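Student: Following this message is one structure expressed as structure tokens.
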């Protein structure tokens with residue numbers, strides 16, 4: 001009969017596996033950032049492509065109706081509509097970020113929404129530059145470089161075009177100062193509060209300068225209503241109070 005003690009020496013003893021280390025708060029944040037780092041740019045890209053498709057469709061329909069195949073005008077109109085679509089999203093997102101109850105209303109982390117905000121601002125600037133350059137190069141449009149760079153310099157509807165000029169340069173000031181907020185102090189914050197006036201000027205520019213504004217009535221009314229309603233909510237809502245009686249940041 002074999003010795004039990006000797007036999008037990010040849011039986012492999014299972015080694016218990018080490019329990020995984022608990023994930024710390026920092027590691028969770030890093031993992032979440034790595035997982036969602038591409039989400040802001042993807043969201044902004046989807047909005048941009050959607051606005052391009054919408055703008056191209058509207059411009060194509062307008063050309064078919066007018067039977068005037070003007071490629072530069074089509075490109076200028078598409079880029080202008082796309083710019084307003086992106087600017088509307090940019091302003092709405094900014095109002096949500098500054099909303100007193102933004103934490104309760106936001107479904108995404110604040111850092112992610114800030115990245116989307118920056119991405120939308122970049123795409124908006126690109127389409128605005130395209131819009132301005134094409135109009136300046138199109139002799140048929142009656143804007144030229146004079147109208148693009150100077151107030152009341154356009155031959156075509158100088159006042160509506162100047163509203164777009166004001167929105168362009170005021171928007172550049174607000175965007176650039178916000179970009180360097182950490183270096184120039186709090187001066188960027190009051191300048192950023194002018195974005196509603198900037199949006200109003202650009203919105204009026206689109207309505208008054210566009211030759212097909214009547215066909216875009218639903219778009220202009222809808223975008224204006226969304227911004228006004230969100231702005232009213234942002235400036236009339238009381239901040240959430242904490243249990244200590246102070247406003248929650």
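Derivation of every value follows stated rules applied to the coordinates shown; laboratory data play no part. As the structure is a prediction and not an experimental result, all values here were calculated from the model. Using ideal geometry, Cβ is built from the backbone for each residue, glycine included, and neighbour counts are taken over all protein chains shown.
Student: May I ask for log10 I(q)/I(0) of the stretch 142-183 at q = 0.14, 0.17, 0.21, 0.26 Å⁻¹, from a Debye sum over the Cα atoms as equal point scatterers with solvent left out?
Tutor: Values returned for q = 0.14, 0.17, 0.21, 0.26 Å⁻¹ are -0.38, -0.48, -0.61, -0.76.
Student: Taking the stretch 107-187 as the region of interest, what is the percent of Cα-Cα pairs per 5 angstrom bin, listed from the shortest bin to the one with the maximum distance?
Tutor: 3, 14, 19, 18, 15, 11, 9, 6, 4, 0
Student: So if R0 is 51 Å, what FRET efficiency would residue 217 and residue 189 give, r being the distance between their Cβ atoms, rounded to the nearest 0.05? Mind showing how you got there, number by number?
Tutor: Values: r = 35 Å, r/R0 = 0.69.
Efficiency, rounded to the nearest 0.05: 0.90.
Student: For residue 118 paired with residue 133, estimate the spin-label separation in nm (one decimal), with each label point 7 Å from Cα along the Cα-to-Cβ line.
Tutor: So the label points at residue 118 and residue 133 sit 2.4 nm apart.
Student: Once each part is reduced to its C-alpha centroid, what is the distance from the stretch 214-238 to the stretch 133-186 in angstrom?
Tutor: Cα centres, the stretch 214-238 to the stretch 133-186: 23 Å.
Student: For the pair residue 97 and residue 173, what calculated FRET efficiency results from E = 1/(1 + (r/R0)^6), where r is the Cβ-Cβ distance and R0 = 22 Å, to the nearest 0.05?
Tutor: 0.65
Student: For the pair residue 196 and residue 235, how long in nm is the line joining their label points, each one 7 Å along Cα→Cβ?
Tutor: Here the modelled spin labels are 0.2 nm apart.
Student: Considering every pair of different Cα atoms, what Kirkwood radius, in Å, is found for the stretch 123-249?
Tutor: When all Cα pairs of the stretch 123-249 are included, the Kirkwood radius is 16.8 Å.
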